Amino acid sequence: SYTVSRGISSHEEGRYTDASGRYSHAEGEQTTASGRSSHAEGSITTASGDGSHAEGYGTTANGSSSHAEGNSTAARGDYSHAEGRYTDASGRYSHAGGIKSVASGITSFVHSSGSTCNHDYSAIIGGQSITSLSGNTVYVPKIEIIEDTQYQIILRDVVTGARNSLTLSGGTIIITQL
């Protein structure tokens with residue numbers, strides 16, 4: 001079993017592991033920790049970003065301080081996180097979870113199936129096959145809001161900025177300007 005510890009103060013264990021980054025750690029089978037202070041574990045994982053962590057099977061953490069976990073996930077953006085299966089977090093500060101999800105916008109968030117959030121500061125929560133259309137937007141296929149004392153939703157008018165409360169009372173929707 002070929003293992004290499006080439007980085008200063010690096011550590012490796014397992015089969016065909018490579019800890020080439022300074023202060024890095026590679027363990028498992030066919031893992032590579034080439035980023036400074038990076039950690040790769042599992043099988044066929046790569047942690048090449050400085051301070052990155054890749055774990056599971058076939059995961060890659062390329063971004064600085066990124067984290068990839070699960071099966072065939074990639075955390076390519078700096079400070080990004082990918083989890084689940086076949087997910088890709090390529091935007092800075094992004095998160096991709098679920099299966100076949102992509103988060104490519106800055107601070108974008110996806111936890112879905114087959115969805116893509118490629119706009120900055122946006123999120124896709126749940127559902128499947130959703131694609132973001134604009135930034136600063138949250139996409140939810142269906143939403144249920146439950147409040148113990150009052151059933152209401154607050155909406156802001158995009159033109160005037162006025163806030164309105166929608167309250168459900170006995171099957172009737174009441175709109176009140178706040």
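Residue under question is Thr3, and the condition is that it be modelled with pLDDT of 95 or more, of a type outside the set (A, V, I, L, M) and touching a strand residue (DSSP E or B) at 6+ places or on another chain (Cβ under 6 Å); does it hold?
no
Which residues, taken from the stretch 6-22, are outside any strand (DSSP E or B) and either crowded, with 20+ Cβ neighbours inside 10 Å or at pLDDT below 95 (or both)?
Passing the criteria: Arg6, Gly7, Ile8, Ser9, Ser10, Thr17, Gly21.
Being hydroxyl-bearing (Ser, Thr, Tyr) and open to solvent by 40 Å² or more (accessible area, probe 1.4 Å) narrows it down to one residue among Thr73, Thr45, Thr3; which is it?
Thr3
Given the residues His81, His39, His25, His53, which is the only one that is under 11 Å from the mean Cα position of the chain (by Cα) and surrounded by 20 or more Cβ atoms within 10 Å (Cβ to Cβ)?
His81
Only one of Thr87, Thr59 is crowded, with 24+ Cβ neighbours inside 10 Å, closer than 23 Å to Gly7 by Cα, of a type in the set (Ser, Thr, Tyr) and touching a residue at least 12 places away in the same chain (Cβ under 8 Å); which?
Testing whether each residue is crowded, with 24+ Cβ neighbours inside 10 Å, closer than 23 Å to Gly7 by Cα, of a type in the set (Ser, Thr, Tyr) and touching a residue at least 12 places away in the same chain (Cβ under 8 Å) leaves just Thr59.
Restricting attention to the stretch 135-178, report how many residues are farther than 20 Å from Gly114 by Cβ, at pLDDT 85 or above, part of a loop (DSSP other than H, G, I, E, B) and open to solvent by less than 80 Å² (accessible area, probe 1.4 Å).
1
Which of (1) surrounded by fewer than 21 Cβ atoms within 10 Å (Cβ to Cβ); (2) more than 12 Å from the chain's Cα centre (by Cα); (3) not aliphatic (A, V, I, L, M) does Gly97 not meet, given it meets every other one?
(2)
Closer than 30 Å to Thr167 by Cβ, open to solvent by less than 40 Å² (accessible area, probe 1.4 Å) and either touching a helix residue (DSSP H, G or I) at 6+ places or on another chain (Cβ under 9 Å) or among the hydrophobic types (A, V, I, L, M, F, W, C) (or both), is that true of Ile124?
Yes.
Would you confirm whether or not the stretch 94-102 contains a residue that is modelled with pLDDT of 95 or more and in contact with a Lys or Arg (Cβ under 7 Å, 6 or more places away or on another chain)?
Checking the stretch 94-102: at least one residue is modelled with pLDDT of 95 or more and in contact with a Lys or Arg (Cβ under 7 Å, 6 or more places away or on another chain).
The values are calculated or read from the model by the stated rules, or taken from the named source; none is laboratory data. Values in this document were obtained by computation on a predicted structure and should not be read as measured data. We place every Cβ from the backbone using ideal geometry, glycine too, and count neighbours over all the protein chains shown. The protein model used for the area step is the full one, side chains on, heavy atoms only, and it has no ligands, DNA or RNA in it. Shrake-Rupley method; radii C 1.70, N 1.55, O 1.52, S 1.80 Å.
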